[in-house]
Structures are given as C-alpha cells and as structure tokens.
Amino acid sequence: MLHARLSPLLSPLKLLIKRLLAEADVAAQRLRSPRVGPRAVIFPTNQPWEASSNLRAWLVAPQLRALGWRVIIAPQPMSLWQRRRLVRREKPDVILLQQTRNLLNQPRFYAPVPCVLDADDADFLDPRHQERIAECAQTAAAVIGGSRFVAQGLGQYNPNVHVIWTGTPRELSPPGPPPALRGPIVAWAHATPLTYPSEARFVQSVMTEVFRQRSCTFWLFGTHEEEAREWFAPLRAQGGTCVAVPPMSYTEYLDKVSHAAIGLQPIAIDNPFSRGKSFGKLLAYLSGQVAVVASNTVDHPLFFRDGENGLMPDDDVHAWAQAIVSLLDDPDRRVRIAVQGRNDFDRRLTTDVFARLLDPVLRNAAGLPKEAARAQSELRRQPSTG
C-alpha cells in the first residue's frame, strides 16, 4: 500500500536525480577542459548506449578535443533550463545538435549561438515530425547528413549541407581470430532485423538457398531464439545451423561480429527509411575484418569496389546466394576482400576521420578561421549531395 502511494512520486524524483547528476558531469567537464581554443557544446539526442548518439556524438567529442576544441557534451537528461544555463556559462562558438529525436534539439532554443544539425536517419519522412525537423534544418547554420539521401532530404530546407559517414574508433576494433582461421559463419549483424520485413524476407530467402548448396552457420543478431524460431524454420528445413544472437553492449557486439567470416548488408530501397541508412551497420564487419556482401545501392558504391573490398551482387536471391557460396568456397579470396575492407575502413570510416571532416563545418558555422586545411580537403572528397 505504501509503495503504491509513493510510486507517483518516484519517477519525478528519479528524473530530478538524473538531471542533477548530468549537470554535475558537465561541471566536471568544464573544470577539466582547457580554457583556450574554439568552444563547442554537443547535445546528443540520447545517452551513449544508443548507437547513433554514441558514434556521432559521445565518441566524437574526444577526437574534436584532439583537434584543439574545448568540447562540453551535455547528457540527454538535462532540461531546457539546464541546457540554456550551460550555454550562458560556456559561451560556445557553436553547438552541435546530434539528431532530432530529442525535442530540445532545436536551434531556436539557443539563439543567437549558431547550431549545426547532424542527422543520420530519414526521420524527416515521418509526417508526425516533418514540420519540426524542417524548422530545425532551416534555422541551423549548417546541416550534416549521414548519407546522401538524408543530406538531400534535409538540403531542401538548408543549402549549407554536407555528407559525413558514421565512423567508429579504430581502437575499439576487436582482435578476433585471423580471417583465414574463421569458421564458415555468415552473419546479419542488424540491431533489430525482424522489424525490417523486406530485408528480413530477402535474407531468409538468400540463406535458404545458401543452405541448399553449402553447409555453414548463420548468425542472426538482435534476436532471441523464441522470436526467431519461426523465421529460422525454412533455413533449418534445408539442414542449416542457425543461431540467434541477443542484443549486447557495443563492445561485445563488435567482438562477436569479428568471429564471423561473411557479413550481410541488404538494403530494401522500396522502404524510404531504409534508403537513409549509411555505414553504421557495416562498421562492425569492416573493423572486424569480415568480408561484406552488400546491396549495390545507397552510398555503398561510393565505398565498395566490387570484388576488391566487398561484393555487391545484383538485387536477386540467387545472385546473393552465389556471392556468399563463392566466398565460403574460396577462403583466400574471402581473406583478401576482408583485409582490404579493413584497410579502407581505417582510411575512411573511423571516428578521427569523422572529427576531421566535422571540424571545418563547425568552424565555418561559427565564423572561425579555417585552420584545418587537411580536413577541408578531405571534406571536398566526400560524396556529393547532388
């Protein structure tokens, strides 16, 4: 009875405690940070356990500091009042708003400080949020998309738009067994694969065909056996060994993926939200030296060279099955592709590369001297939004 009476009071109290802890964390960051250099405040849309916020905000902050920025990253529970107080005290040259899913990530709340909007999903397609996201993009000093599709979508509201692919820290890359010593394991390392029905049906058909031709093991990430059992049924009917890999922490996820031989990245472009995907799901394969089989669509052709650092078969079940079987049957070729994929990842898809590309965008938005000539040069080589 007492617990029932107290329950309505506990949630606001927990939120208050979270907000006080968040502000204490920010105060500690401000004390530790150097007084010199350009100043940036980052407002992630979520905490670091959410992949997008982790890869495009939390892990980017230390890389920006290495480039000379004083960076304060504000934990998600902070209220608007707390955020505004931080901005008044910190006096940042620029604010980075990572994603639009946090309703406080709106430039109008922090005017006149220039804000850069970073988004890596096609949330602007959702009618429920279109007006808010359009206003966010229109009032931002610059917009960054995680893919050409997202950049083009947001570019209709703001002409100062850039493409920066998601990266991951190279130091998080797990050792894993050498590619040549891995068993015949094919993985679909998606966080929520069965919530993408077009891709799920396609992979199901592909792996059913693979099991007709070849013995191997298939790992379906982001699932438990009880929810995947029905989906596995046609694969197991062909004698396939299927394993459901439950959700796990990002480091555990990277380590698990690095034991696979082949990783799948299908994109169903009939789903507009899927067209907004970039390299987030591919990072685990590439950093873990897993040979990638990916759709020849979205931004994939701008990174993959078919047969060199990955395979991009035609959008056909038999073509995909043949690509997978060919890699299983030719370990030397599979290893060459996996190693080259890792080498290209090191050059183009790490967090330090992301920060070097972000640096000139932030400087330009803040009206600061363009000191990072190398970063500007790299940014010009990124994919066009046209």
Of all residues in the stretch 213-229, count the ones that are loosely packed, with under 14 Cβ neighbours inside 10 Å and assigned to a helix (DSSP H, G or I).
-> 4
Going by the structure shown, is residue 326 over 18 Å from residue 259 (Cα atoms), surrounded by fewer than 16 Cβ atoms within 10 Å (Cβ to Cβ) and touching a strand residue (DSSP E or B) at 6+ places or on another chain (Cβ under 9 Å)?
-> yes
Could you say whether any residue in the stretch 181-202 is part of a helix (DSSP H, G or I), in contact with a helix residue (DSSP H, G or I) (Cβ under 9 Å, 6 or more places away or on another chain) and over 28 Å from residue 153 (Cα atoms)?
-> no
Name the pairs whose Cβ atoms lie under 8 Å apart, with the first residue in the stretch 192-214 and under 17 Å from residue 329 (Cα atoms) and in the same structural domain as residue 238 (by TED's automatic domain parsing), the second surrounded by fewer than 22 Cβ atoms within 10 Å (Cβ to Cβ) and β-branched (Val, Ile, Thr), and 6 or more positions between them or separate chains?
-> 206/317; 209/317; 210/325; 213/325; 214/325
Could you please give the count of residues in the stretch 170-186 that are buried (at least 18 other Cβ atoms within 10 Å of the Cβ), touching a strand residue (DSSP E or B) at 6+ places or on another chain (Cβ under 8 Å) and closer than 22 Å to residue 348 by Cβ?
-> 1
Quick one: residue 355 ticks every box in (1) at pLDDT 95 or above; (2) more than 30 Å from residue 70 (Cβ to Cβ); (3) among the small types (Gly, Ala, Ser); (4) within 24 Å of the chain's Cα centre (by Cα) except a single one, so which number is it?
-> (2)
Scan the stretch 69-81 residue by residue and report those that are over 11 Å from residue 43 (Cα atoms), of a type outside the set (S, T, N, Q) and in contact (Cβ under 8 Å) with a residue 60 or more places away in the chain.
-> 69
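Residue by residue through the stretch 216-228, note down the ones that are in contact with a strand residue (DSSP E or B) (Cβ under 8 Å, 6 or more places away or on another chain) and free of Cβ contacts under 8 Å to residues at least 40 places away in the same chain.
Taking the stretch 216-228 as the starting set, the residues that turn out to be in contact with a strand residue (DSSP E or B) (Cβ under 8 Å, 6 or more places away or on another chain) are 216-225, 227-228.
Answer for the stretch 216-228, where residues must be in contact with a strand residue (DSSP E or B) (Cβ under 8 Å, 6 or more places away or on another chain) and free of Cβ contacts under 8 Å to residues at least 40 places away in the same chain: 217, 218, 220, 221, 222, 223, 224, 225, 227, 228.
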Answer from 86, 125, 154, 104 - the residue that is assigned by TED's automatic domain parsing to the domain that holds residue 47, among the aliphatic types (A, V, I, L, M) and closer than 30 Å to residue 346 by Cβ | 154
Picking from 363, 374, 334, which residue would you name as being more than 21 Å from the chain's Cα centre (by Cα) and modelled with pLDDT under 95?
-> 374
The stretch 229-247: number of residues that are closer than 30 Å to residue 167 by Cβ and touching a helix residue (DSSP H, G or I) at 6+ places or on another chain (Cβ under 7 Å) | 2
Please determine, by comparing only the residues of the stretch 275-309 that are without any contact (Cβ under 8 Å) to a residue 40 or more places away in the chain and assigned to a strand (DSSP E or B), which one is farthest from the chain's Cα centre (by Cα).
-> 306
How many of the residues in the stretch 246-270 are touching a residue at least 40 places away in the same chain (Cβ under 8 Å) and either part of a strand (DSSP E or B) or among the β-branched types (Val, Ile, Thr) (or both)?
-> 6
Residue check for residue 171: within 17 Å of the chain's Cα centre (by Cα) and in a helix (DSSP H, G or I) = yes
By my count, strands (runs of 3 or more DSSP E) wholly in the stretch 82-149 with at least 1 residues that are free of Cβ contacts under 8 Å to residues at least 40 places away in the same chain are 115-119, 142-145
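The values are calculated or read from the model by the stated rules, or taken from the named source; none is laboratory data. This structure is a prediction, so every number in the text was calculated from the model and none was measured. Here Cβ is always computed from backbone atoms with ideal geometry, including for glycine, and neighbour counts include all displayed protein chains.
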